[in-house]
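Before any comments, here is the structure.
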Amino acid sequence: MVCLGNICRSPIAKGILIKKLEDKNITWVEVDSAGTADYHVGGKADQRTVENGMKNGINLSSHRGRQFSKRDFDVFDQIYVMDSQNYADVIDLATTKEETEKVKLILDELKPGAHLSVPDPWFGGEKDFEKVFTMLDKACDIIVDKIQFDEKA
Ligand code: 4NP
């Protein structure tokens, strides 16, 4: 899960996906988050992110920021980005077709091909964080369905 700062959208996305996988006893998937920027490396999630997570049953208190790196292409099969700028920044680091194909806008899981972005709630308030949560929650439902399908295939 990748956003710009790794303190708002991608930590929420990671927390949601981990919880959904735990609820289904899916233990073989590794989930992590990162930012394209280095502004918040080692830092905690935004306080509003932590509060929104808590309200929705997700504990983000142990989150620490890290920056996306080229090595992530070797570690992860799927790289979900939150917006079109994240997409461009991550694609810039890809050097093969295989790496490029791993990168997806997360909301394309909900509306394939629409190329919608998860709006950055950084300048917003609780309502904006809740809207982000709802979008990511729906997208993660589909991601879990796909993982379950892969598990059966
Ligand atoms: P995020 O939000 O990319 O969803 O974590 C942001 C957080 C911090 C900044 C920008 C976006 N910032 O400029 O510090």
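In this structure the chain gives 55 Å² per residue of accessible area when probed at 1.4 Å with all protein chains present. Span-like helix criteria (full DSSP H runs; alpha carbon extent of at least 27 Å along the helix axis; mean Kyte-Doolittle hydropathy of at least -0.5) are satisfied in the chain by 126-152. For GluC sites (Glu not before Pro), the sites in region 1-103 that DSSP calls loop and that have at most 10 other Cβ atoms within 10 Å are 30. State the answer as a single residue: which of 27, 7, 60 lies farthest towards the positive end of the charge dipole of the chain, with beta carbon charges of +1 for Lys and Arg and -1 for Asp and Glu, about the Cα centre. Of the options given, the answer is 60. For the chain, the Cβ-based charge dipole about the Cα centre amounts to some 300 debye (Lys, Arg positive; Asp, Glu negative; other atoms uncharged).
Here the accessible area of region 2-152 is 52 percent carbon and sulfur, with a 1.4 angstrom probe and all protein chains present. Per residue of the chain, the DSSP helices (runs of n ≥ 4 H) give a summed -39500 (n - 2.57) that works out to -14500 deg cm²/dmol at 222 nm. As a ratio to 2.2 N^0.38 Å, the alpha-carbon radius of gyration computed for the chain takes the value 0.97. Principal axis analysis of the Cα atoms in region 10-55 yields extents of 34, 24, 13 Å, listed in decreasing size.
The relative contact order of region 2-152, computed from alpha carbon pairs under 8 Å that lie at least 6 residues apart in sequence, is 27 percent.
The values are calculated or read from the model by the stated rules, or taken from the named source; none is laboratory data. Everything numeric in this text was worked out from a predicted model, so none of it was measured. Reconstructed Cβ throughout: ideal geometry from the backbone, glycine too, with neighbour counts over all protein chains shown. For accessibility, only protein heavy atoms count, side chains too; no ligands or nucleic acids. Shrake-Rupley method; radii C 1.70, N 1.55, O 1.52, S 1.80 Å.
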